[in-house]
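Engineer: Just passing along the structure, written as structure tokens.
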Amino acid sequence: MDPHTNTAKEKKTTKTKSFRANARILHRFNSTGNNFLDKLEKYAKDRSAENLSYVGRSAYRVLRVKHVLHHHKLWNVSSGIPIGSMLQTPQNSIFSSTNDPSERHSDWFPEKMLEIMGRTKVWCDIMSLTIPDGIFLDKLIEGLSTIVENAKNAEKPVVIRILVGNIIGAPARCTYLVKKLTKNLSEDANIHLWVGAWRKGVSWNHAKLIAVDGRYLLQGGHNLWDAHYLKNNPVHDLSMEMEGRITHDGHLFANSQWRYIRRKQLTRCGYVIDRFIPDAVLVPWKSRVTVTEYPVNKASEFPPIYNADLVPKYEKPSGSVPTLSLGRYGRLTFGRPSDDAFIAMFGSAKTIIRLSIQDLGPVCVPKTQIALPGCTWPKPYLNALAEAIWDRDVKVEIVVSNPGSVPGGLNPLEANYGNGWSCVDCAAEIIKRIQKEFKNNVDDVALRTKVENNLRICYIRHAGKNVYDDGKSIGNHSKFLCIDNIASYTGSQNLYVCDLAEWGVLIDDKSETEKILEDYWNPLWEASFIETDCDVQKVMDSLQINRDGEPVNKFLPGGKKKLDDAAKMASVRRVLV
């Protein structure tokens, strides 16, 4: 029996308590006598929110009202301290260089992963889009060996949960990864390891994090792919290291995904398909879960569920600042908390919004600017940006990937950073939202002035160059936003529409945010911004173009097939990265 796993009676008791707790919440909200929203906000009140800025409070308010049942799962007000500089690959010195990155330019990043894993005493959660390869896999194996060494004298086996996405057309090979990781471990290794993957429709895990013992955290945008990050023509990406209570939120975010894997695999269909069809086999079902445990017959079939009582207690680190964890589960649950938080933060901006992202527009048919059927631009985000520009005279600066950027000698079917849209396209879609939302008060002269003065969009560059020496374009995979130089988000969530499970952290502290800007944004913007990327006349001339994909009724058989085909094409091209 796994000492971390509840007995059947305990599981039933826990489930009953959870049900009763939710029932009590709903009863309170539906009882008469007080205003619904007042009761809702009172229930979700977090004392730590007193230290938030107006940016953090704007997100906190909408999360309390709309997503109370996701509190401590998909969002939370917490604290932590950023450690060192932002984890940029390639490093920020490349922005002032006209030369390509040197050999082994970013091998330090998987070494950093190894360092974080090596601190594990009780519990380690690792999440990524797919299983690692190359040096990333080598360091994961080395990190596991370090954990085994740490666990020799531990009273209980150390828990390691590794969770990845089960992408359409690219099955997750959980069993393969377990065999690679444990090949050289001794039989008495004092660890219990699980590797799991899930898909529900077009949703799967897209978060990238390592959380250790509720204390040490590495999270951001990096996938664990050697050719994308460590070889020639690397794509740019951004992550961060933190220490503190924010790490608990990373562990808790993983829990519901593991619960779904267990729930799905224990169904009749799951028992046959998910248990007995090898995980490397491509199956046509929309939902698919797999899990492999180690050691067999010692570890339970499914991993335990994390809570803070299972890891060592520690004093709040000196220098900790307010943070907000922001996540979403896609189709695993109702509501998308991080989406609403982003919109609220855009709505709170008073002076400037800065974004470093892969793209704003939807995935396109290859070698065209035609969006896949059913794919649209992110109207709620665009509306919030449009309102900030028009109503409050906020400046918006955006750095995007050069379209069709392919790293590491790969082909466009293996990697493709940038969905195909130009800076002009992105700007035009924002301006169109101004026209739609403020149509009675907009004239062309005022609109042109706003484009000239308030909206700047450019491609990522090194010292003004947007290509590497061999002519291949430079890609951007970062997911970074900053509001008024006060609060900044780093995480896994793209702003273009894709309904995946995401997680990231808002640093709600002016001093720390200014350090991040100095370290990351300022060199990026200085190297990248060229006015001609977003030509005002071209923007104004292209406002009548419809850039959304063909409308599709998903309730009709033909419509469902079109959406499925579009999802498969997007997955095969590996654009949902």
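The values are calculated or read from the model by the stated rules, or taken from the named source; none is laboratory data. Small disclaimer: the values here were computed from a predicted structure and weren't measured. For neighbour counting, all protein chains shown are included, and Cβ atoms are generated from backbone atoms with ideal geometry for every residue, glycine included. What goes into the accessible areas is simple: the full protein's heavy atoms, side chains included, and nothing from ligands, DNA or RNA. Shrake-Rupley method; radii C 1.70, N 1.55, O 1.52, S 1.80 Å.
Engineer: Can you say whether Pro303 is part of a loop (DSSP other than H, G, I, E, B) and either under 23 Å from Ala207 (Cβ atoms) or modelled with pLDDT of 95 or more (or both), as far as the supplied structure shows?
Structural biologist: Yes: the conditions hold for Pro303.
Engineer: Can you list residue pairs whose Cβ atoms sit under 8 Å apart, with the first residue in region 525-548 being within 22 Å of Ile353 (Cβ to Cβ) and the second being open to solvent by 60 Å² or more (accessible area, probe 1.4 Å) and not in a helix (DSSP H, G or I)? Count only pairs 6 or more apart in sequence or on different chains.
Structural biologist: Correct list of pairs: Phe529/Arg456; Glu531/Arg456; Cys534/Arg456; Arg547/Gln369.
Engineer: Within region 137-161, work out how many residues are among the hydrophobic types (A, V, I, L, M, F, W, C), under 25 Å from Lys231 (Cα atoms) and surrounded by 21 or more Cβ atoms within 10 Å (Cβ to Cβ).
Structural biologist: The number of residues fulfilling the criteria is 2.
Engineer: A further question on this structure: Could you check, for region 340-360, whether at least one of its residues is under 24 Å from Met242 (Cβ atoms), of a type in the set (Asp, Glu) and surrounded by fewer than 20 Cβ atoms within 10 Å (Cβ to Cβ)?
Structural biologist: Scanning region 340-360 turns up no residue that is under 24 Å from Met242 (Cβ atoms), of a type in the set (Asp, Glu) and surrounded by fewer than 20 Cβ atoms within 10 Å (Cβ to Cβ).
Engineer: For region 280-290, how many residues are over 17 Å from Tyr329 (Cα atoms) and open to solvent by 20 Å² or more (accessible area, probe 1.4 Å)?
Structural biologist: 5
Engineer: Tell me the strands (runs of 3 or more DSSP E) entirely within region 184-271 that contain at least 1 residues that are aromatic (Phe, Trp, Tyr) and either open to solvent by 10 Å² or more (accessible area, probe 1.4 Å) or in contact (Cβ under 8 Å) with a residue 24 or more places away in the chain (or both).
Structural biologist: Of the strands (runs of 3 or more DSSP E) lying wholly inside region 184-271, those with at least 1 residues that are aromatic (Phe, Trp, Tyr) and either open to solvent by 10 Å² or more (accessible area, probe 1.4 Å) or in contact (Cβ under 8 Å) with a residue 24 or more places away in the chain (or both) span 191-200, 216-220.
Engineer: Of all residues in region 306-330, which are under 18 Å from Val158 (Cα atoms) and either touching a Gly at 6+ places or on another chain (Cβ under 9 Å) or part of a loop (DSSP other than H, G, I, E, B) (or both)?
Structural biologist: Tyr306, Asn307, Ala308, Leu310, Val311, Pro312, Lys313 - these are the residues of region 306-330 that are under 18 Å from Val158 (Cα atoms) and either touching a Gly at 6+ places or on another chain (Cβ under 9 Å) or part of a loop (DSSP other than H, G, I, E, B) (or both).
Engineer: Looking at Glu155, Glu149 in this structure, which one is free of Cβ contacts under 8 Å to residues at least 12 places away in the same chain and in a loop (DSSP other than H, G, I, E, B)?
Structural biologist: Sole residue among the options that is free of Cβ contacts under 8 Å to residues at least 12 places away in the same chain and in a loop (DSSP other than H, G, I, E, B): Glu155.
Engineer: Something else now. Could we say that Thr175 is within 25 Å of Ile261 (Cα to Cα), open to solvent by 10 Å² or more (accessible area, probe 1.4 Å) and in contact with a Phe, Trp or Tyr (Cβ under 9 Å, 6 or more places away or on another chain) here?
Structural biologist: Against the criterion (within 25 Å of Ile261 (Cα to Cα), open to solvent by 10 Å² or more (accessible area, probe 1.4 Å) and in contact with a Phe, Trp or Tyr (Cβ under 9 Å, 6 or more places away or on another chain)), Thr175 does not qualify.
Engineer: Of the conditions (1) charged (D, E, K, R); (2) modelled with pLDDT of 95 or more; (3) under 24 Å from the mean Cα position of the chain (by Cα); (4) open to solvent by 20 Å² or more (accessible area, probe 1.4 Å), Glu315 satisfies every one except a single condition; which number is it?
Structural biologist: Among (1) charged (D, E, K, R); (2) modelled with pLDDT of 95 or more; (3) under 24 Å from the mean Cα position of the chain (by Cα); (4) open to solvent by 20 Å² or more (accessible area, probe 1.4 Å), Glu315 violates only (3).
Engineer: Shifting gears a bit: For Asp469, indicate whether it is without any contact (Cβ under 8 Å) to a residue 40 or more places away in the chain and surrounded by fewer than 24 Cβ atoms within 10 Å (Cβ to Cβ).
Structural biologist: no
Engineer: Please list, ordered by residue number, the helices (runs of 4 or more DSSP H) wholly in region 365-476 having 3 or more residues that are small (Gly, Ala, Ser).
Structural biologist: Output list reads 379-392.
Engineer: Sticking with this one: Return the only residue of Asp443, Asp425 being out of contact with any helix residue (DSSP H, G or I) (no Cβ under 7 Å at 6 or more places or on another chain) and open to solvent by less than 40 Å² (accessible area, probe 1.4 Å).
Structural biologist: The match here is Asp425.
Engineer: Mind listing whichever residues of region 318-329 are open to solvent by less than 20 Å² (accessible area, probe 1.4 Å) and within 17 Å of His72 (Cα to Cα)?
Structural biologist: Residues satisfying the conditions are Thr323, Leu324, Ser325, Leu326, Gly327, Arg328, Tyr329.
Engineer: So, Asp125, is that one at pLDDT 95 or above, open to solvent by 50 Å² or more (accessible area, probe 1.4 Å) and closer than 30 Å to Arg331 by Cβ or not?
Structural biologist: No.
Engineer: Among the candidates Thr98, Thr120, single out the residue that is among the polar types (S, T, N, Q) and at pLDDT below 95.
Structural biologist: Among Thr98, Thr120, only Thr98 is among the polar types (S, T, N, Q) and at pLDDT below 95.
Engineer: Quickly run through region 345-360 and pick out the residues that are within 21 Å of the chain's Cα centre (by Cα) and of a type outside the set (Gly, Ala, Ser).
Structural biologist: Met345, Phe346, Ile353, Arg354, Leu355, Ile357, Gln358, Asp359, Leu360
Engineer: Just the residues that are more than 12 Å from Arg245 (Cα to Cα) and polar (S, T, N, Q), please, taken from region 54-82.
Structural biologist: Ser58
Engineer: Right, something else. Does at least one position in region 72-95 carry a residue that is more than 19 Å from the chain's Cα centre (by Cα), in a helix (DSSP H, G or I) and crowded, with 21+ Cβ neighbours inside 10 Å?
Structural biologist: Yes.
Engineer: Kindly indicate the residue of region 477-488 that is touching a helix residue (DSSP H, G or I) at 6+ places or on another chain (Cβ under 6 Å) and not in a loop (DSSP other than H, G, I, E, B) and also surrounded by the most Cβ atoms within 10 Å (Cβ to Cβ) among those meeting that condition.
Structural biologist: Here the answer is Ile483.
Engineer: Of all residues in region 449-464 being surrounded by 14 or more Cβ atoms within 10 Å (Cβ to Cβ) and charged (D, E, K, R), which is farthest from Ser356 (Cα to Cα)?
Structural biologist: By that ranking, first place goes to Lys450.
Engineer: For region 483-505, indicate whether the set of residues that are under 18 Å from the mean Cα position of the chain (by Cα), more than 26 Å from Gly408 (Cβ to Cβ) and of a type in the set (Asp, Glu) is non-empty.
Structural biologist: Yes - at least one qualifying residue is present in region 483-505.
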